[in-house]
Amino acid sequence: MASICIFGSFARGKFDELSDRDVLILGRSDDEINLPAARWRSDGWSVAQFKTQHFEDMAKRGSLFVQHILKEGVVIKDDGFLSEIRAAYRPKRYYRDEALDSLSLLANLPVAPACYWETLCAADIAYGAVRNLAILRLAESKRYEFEFEGALRHCAQVSRLSSEELAAVLRLRQLKHAYRMRKEDHSLLGCWPFALKAALRLFPCVPRSAATGGYVAVRMLELELVRIADPRLLDALSPDDPLTDIWTLICGPRYPTKIWEVPSSRFEEIRRAARQKSFDQTSVR
């Protein structure tokens with residue numbers, strides 16, 4: 001039986017028009033997970049799905065996502081698995097290794113993106129990175145805060161960000177929502193350079209470097225793809241298109257473990273295919 005748990009702003013009872021509706025689905029096999037995941041997704045929920053063994057491994061590593069579920073999640077259905085995880089889970093003392101991906105993402109984001117969709121994609125990436133870094137920083141002080149604004153305000157106070165800088169970083173959530181909803185609103189673009197600058201002051205980054213694989217490489221590839229084509233065209237790719245598999249992976253369920261299975265050689269093949277493909281940008285105007 002699948003375990004199902006609502007988390008995030010809906011579970012906290014603090015949601016607005018920008019909020020995702022987040023649900024976690026756990027099962028011992030793909031067959032146990034896929035049907036309920038499809039049902040929740042069809043109802044507009046953002047689904048995080050894992051096999052129980054993978055989630056158990058995350059708990060053993062002290063994953064803060066597990067802490068998030070245990071602290072704020074509202075359990076809809078459980079066969080005892082989540083109760084067992086709760087009894088055994090212990091957070092880590094330090095999360096420096098977990099912060100590296102988010103620091104690398106911030107370091108590689110463009111200050112002056114080439115187009116509207118690249119700007120929104122960069123803001124989406126920055127939102128996730130800043131949120132993760134704020135949560136990780138607080139966790140090392142044994143404070144577990146998973147709301148974006150709450151975690152960010154605490155870190156901004158410690159780092160002495162100005163009210164203008166804090167407001168700019170908070171607006172990343174609005175840009176992230178516009179990107180995920182494929183919404184065109186060019187009035188949003190003006191805050192991006194200042195928001196990125198403020199985020200980099202809040203979380204000084206590792207040196208800019210080329211991403212060769214894993215989550216960072218996939219998000220950087222996403223930036224390249226939306227620079228070439230409107231993401232609404234990528235969403236509508238035919239099943240046999242050479243770009244469909246990777247775009248589906250990029251836009252698939254959050255925390256997709258398959259990202260780590262993409263070999264670095266595949267990224268150059270995808271870039272080549274995207275550059276050679278002819279996109280009719282006028283079809284989405």
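The values are calculated or read from the model by the stated rules, or taken from the named source; none is laboratory data. No experiment lies behind these values; they were computed from the predicted model shown. Methodologically, a virtual Cβ is constructed for each residue, glycine included, from the backbone with ideal geometry; neighbour enumeration extends over all protein chains shown.
Say we look at region 1-11 and pick out the residues that are farther than 15 Å from Leu82 by Cβ and not aromatic (Phe, Trp, Tyr); which of these is surrounded by the fewest Cβ atoms within 10 Å (Cβ to Cβ)?
Step by step, filter region 1-11, then rank; the result is Ser9.
Right, Ala37: outside any strand (DSSP E or B), aliphatic (A, V, I, L, M) and either under 22 Å from Glu149 (Cβ atoms) or at pLDDT 95 or above (or both) or not?
Spelling it out, it is not the case that Ala37 is outside any strand (DSSP E or B), aliphatic (A, V, I, L, M) and either under 22 Å from Glu149 (Cβ atoms) or at pLDDT 95 or above (or both).
Say whether the condition of being among the small types (Gly, Ala, Ser), crowded, with 21+ Cβ neighbours inside 10 Å and not assigned by TED's automatic domain parsing to the domain that holds Arg21 is met by at least one residue in region 91-114.
Yes, the conditions are met somewhere in region 91-114.
Do we find that Ser141 is surrounded by fewer than 19 Cβ atoms within 10 Å (Cβ to Cβ), among the polar types (S, T, N, Q) and either within 16 Å of the chain's Cα centre (by Cα) or within 24 Å of Lys71 (Cα to Cα) (or both) in this structure?
yes
Before we move on, is Val75 β-branched (Val, Ile, Thr) and under 21 Å from Asn132 (Cα atoms)?
no
What is the residue count in region 69-126 for residues that are charged (D, E, K, R) and out of contact with any helix residue (DSSP H, G or I) (no Cβ under 7 Å at 6 or more places or on another chain)?
10
Can you name the residue in region 12-61 that is acidic (Asp, Glu) and within 30 Å of Leu175 (Cα to Cα) and, of all such residues, is surrounded by the fewest Cβ atoms within 10 Å (Cβ to Cβ)?
Glu17
Only one of (1) more than 19 Å from the chain's Cα centre (by Cα); (2) under 21 Å from Lys176 (Cβ atoms); (3) of a type in the set (Gly, Ala, Ser) is not met by Ser3, so which one is it?
Condition not satisfied by Ser3: (2).
Yes/no matrix, rows are residues, columns are (1) at pLDDT 80 or above; (2) among the hydroxyl-bearing types (Ser, Thr, Tyr); (3) under 30 Å from His68 (Cβ atoms):
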position: Glu224; (1), (2), (3): yes, no, no
position: Ile228; (1), (2), (3): yes, no, no
position: Pro231; (1), (2), (3): yes, no, yes
position: Ala236; (1), (2), (3): yes, no, no
position: Leu243; (1), (2), (3): yes, no, no
position: Cys251; (1), (2), (3): yes, no, yes
position: Pro256; (1), (2), (3): no, no, yes
position: Val262; (1), (2), (3): no, no, yes
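Out of curiosity, is Arg41 over 16 Å from Phe7 (Cα atoms) and of a type outside the set (Ser, Thr, Tyr)?
no
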